[in-house]
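The values are calculated or read from the model by the stated rules, or taken from the named source; none is laboratory data. Small disclaimer: the values here were computed from a predicted structure and weren't measured. As a convention, Cβ positions derive from the backbone with ideal geometry for all residues, glycine included, and neighbour counts pool all protein chains shown. What goes into the accessible areas is simple: the full protein's heavy atoms, side chains included, and nothing from ligands, DNA or RNA. Shrake-Rupley method; radii C 1.70, N 1.55, O 1.52, S 1.80 Å.
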Amino acid sequence: MQSEDILSRQPPPADLRIAYGSDTNQFFDLRIPDARGPHPVVFFIHGGYWRAKYDLTHVGHLCHALKLTGIATCNVEYRRIGNPGGGWPGTLHDIRSAYSVLRDREAQRHALDLNRLCVVGHSAGGHLALCLAAYEPTVKHAVSLAGVLDLRRAWELHLSNDAVLEFLGGSPTDVPDRYRKASPAEQSIFAGQKIVHGTADTSVPYEIGKNYAEVKTKAGEEVELITLPDIGHFELINPGSEVWPRVQQTIEAALKA
């Protein structure tokens with residue numbers, strides 16, 4: 001199986017689907033291990049360059065794989081470009097709302113250990129994971145899997161046919177405050193951060209993760225760069241890939257930190 005096939009394969013079903021708002025895209029899927037809790041929990045944010053074309057289905061495989069190791073997962077859906085209210089700032093508002101509902105309402109109901117909680121995201125979801133960490137002080141650990149962490153640089157590279165332009169509604173000259181508020185590269189983040197990126201990634205170039213880690217480390221933030229030689233974009237979320245054990249170990253380490 002090619003790693004890109006993960007986008008079209010149906011994952012095992014979630015245990016629960018929970019709404020955190022009134023919009024049809026404001027929900028998350030919970031997967032809870034069979035063993036008795038309390039369980040460590042991963043709050044997972046899918047990618048797709050913030051566009052409505054891509055939903056949370058494809059990362060259900062990753063979430064199911066983590067469940068089998070004893071980790072509860074919260075797979076978050078949110079309003080995206082093409083949905084009413086999607087884009088900046090509505091998309092981040094949704095992520096923050098889902099996170100609050102998980103912590104304040106659902107964690108006790110489902111024996112989730114909030115002291116062992118990690119926010120994880122892939123691609124645009126990696127951006128949103130670190131954005132959440134910048135705005136929510138209760139986020140102590142965050143993992144970016146091939147994240148779009150520097151929105152100015154992503155705009156310069158015209159990634160995914162100018163997805164950043166669509167997401168923020170303009171260029172850095174047009175809407176400078178949006179770039180400043182939305183880009184993890186321009187925020188102070190106090191959570192521990194693990195930046196996982198493959199050197200053969202053609203969707204989000206490795207330079208974005210590498211440069212982000214270098215700059216943030218110099219600024220005094222707690223950042224670890226995990227470089228995956230000759231690995232592309234989708235292997236990081238495919239439990240059948242050769243690199244998945246390394247990704248799983250990274251997430252487990254963040255939960256234990």
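Solvent-accessible surface of the chain, taken per residue with a 1.4 Å probe and all protein chains present: 42 Å².
Mean projected area of the convex hull spanned by the Cα atoms of the chain, taken over all viewing directions: 12.3 nm². In segment 175-257, a dipole from Cβ-located charges (positive for Lys and Arg, negative for Asp and Glu) runs towards its positive end, and of A219, G209, S241 it is A219 whose Cα lies farthest in that direction. Stretched out straight at 0.36 nm per residue, the stretch from R17 to D5 would grow longer than its current Cα-Cα span by 1.9 nm. With the full set of protein chains in place, find how many percent of the accessible area of segment 1-102 is carbon and sulfur; take the probe as 1.4 Å. Percent of accessible area from carbon and sulfur atoms in segment 1-102: 48.
Rounded to the nearest whole Å³, what is the per residue volume of the convex hull around the Cα atoms of segment 54-200? Working shown, then result.
Numbers: hull volume 18.2 nm³, N = 147.
It comes to 124 Å³ per residue, whole-number rounded.
Net charge within 14 Å of W50 by Cβ-Cβ distance, Lys/Arg positive one each and Asp/Glu negative one each, not counting W50 itself? Neighbourhood net charge equals 0. In this structure, the residue pairs whose Cα-Cα separation is over 23 Å, taken from K140/K194; K53/K140; K53/K256, are K53/K140; K53/K256.
Counted over segment 1-160, the DSSP beta bridges are approximately 35% antiparallel. Computed with every protein chain present, the accessible area of T227 is close to 50 Å² [probe 1.4 Å].
Accessible surface comparison of R246, R17, probe 1.4 Å, protein chains only, largest first: the order is R17, R246. When segment 159-244 is described by a simple charge dipole with +1 on each Lys and Arg Cβ and -1 on each Asp and Glu Cβ, the residue from P172, L159, I231 located farthest towards its positive end is P172. When only the Cβ of Lys, Arg, Asp and Glu is charged (+1, +1, -1, -1), the dipole of the chain relative to its Cα centre reaches about 600 debye. If R0 equals 30 Å, the separation of the Cβ atoms of E207 and K256 corresponds to a calculated FRET efficiency of about 0.50.
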